[in-house]
């Protein structure tokens, strides 16, 4: 049996509500269901909700990631095997179908199953029976199948790489999981939930607040990894934050900080030029007070601001948050001054 988290069951967008309503309608119906969705969008969670909203909720929910097994192993994993069926088979072993008896079997990435195994699954769907590997005795089983994929199964069926009969049997209902980019109203709701949970896990008394800049970054990002990627991004931002605000979002943890000391590009914004990103200013010493006293007031104030900001950046190795702290400024104030002075 598999335990599932419920973090994706949060949302208020029309696409998310329609998706949940479709699950609620089909869950009580004793038929197979196909779930279509991108990686990280919540296909496995949709399968668990179908199970726990059905009359089978007291029975096992068993899952198998078909893509994680070789073609030679998937048959024995699904149907089990008899003692001596192959080298290493020391005893009779129940497969996933027997483990899920009376309950639900979730077959993730079903498009990777080889044709000979598809034939056996079709027989289970049609007759409720199969044979263990190494046996000719039929085993009767009552299992509801919920399958998931991000492959184009109709095209595979036309090409002869997926059985059309099995596809027809599995698709009593087809549920499309909406990608996160189609759930704009849910992005910040989920982000705050993940931030709060991460802060609690770290033992913090309160969670850091997302600034307007951080929220804009989250809203403008396309989220190819969907909710799973959002969870990772927000949790990483929380644990790296050293103040009560999150104002920078790292979307790529593999980004080389030594190649680009400052993030020069935000989602949806043009990249800065390479020299501006990596060029280090020369060490600057504070000028004698007498020199500043000879300048007009506005020019003296601006000159002092430029020198102090550059010096703080140099001393903190261009870490803007630390530079802001040295100057007694918030990060937003520091960025505003830096932008105004065109540093």
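Worth a mention:
- In this structure, residue 41 does not satisfy being within 17 Å of residue 143 (Cβ to Cβ), surrounded by 19 or more Cβ atoms within 10 Å (Cβ to Cβ) and touching a residue at least 60 places away in the same chain (Cβ under 8 Å).
- Residue 194 meets the conditions (1) surrounded by 21 or more Cβ atoms within 10 Å (Cβ to Cβ); (2) modelled with pLDDT under 95; (3) farther than 19 Å from residue 229 by Cβ in every case but one. The failed one is (3).
- Residue within the stretch 115-136 that is in a loop (DSSP other than H, G, I, E, B), modelled with pLDDT under 95 and within 28 Å of residue 40 (Cα to Cα) present: no
- Any hit, the stretch 242-259, residues being in a helix (DSSP H, G or I) and free of Cβ contacts under 8 Å to residues at least 24 places away in the same chain: no
- Any hit, the stretch 142-152, residues being crowded, with 20+ Cβ neighbours inside 10 Å, in contact (Cβ under 8 Å) with a residue 12 or more places away in the chain and part of a helix (DSSP H, G or I): no
- The set of residues in the stretch 326-343 being over 17 Å from residue 298 (Cα atoms), part of a helix (DSSP H, G or I) and without any contact (Cβ under 8 Å) to a residue 12 or more places away in the chain consists of 333, 336, 339.
- Subset of the stretch 23-50 [assigned to a helix (DSSP H, G or I) and over 22 Å from the mean Cα position of the chain (by Cα)]: 24, 25, 26
The values are calculated or read from the model by the stated rules, or taken from the named source; none is laboratory data. As the structure is a computational prediction, the values presented were derived from the model and not from experiment. Glycine gets a Cβ as well: all are built from the backbone with ideal geometry, and neighbour counts include every protein chain shown.
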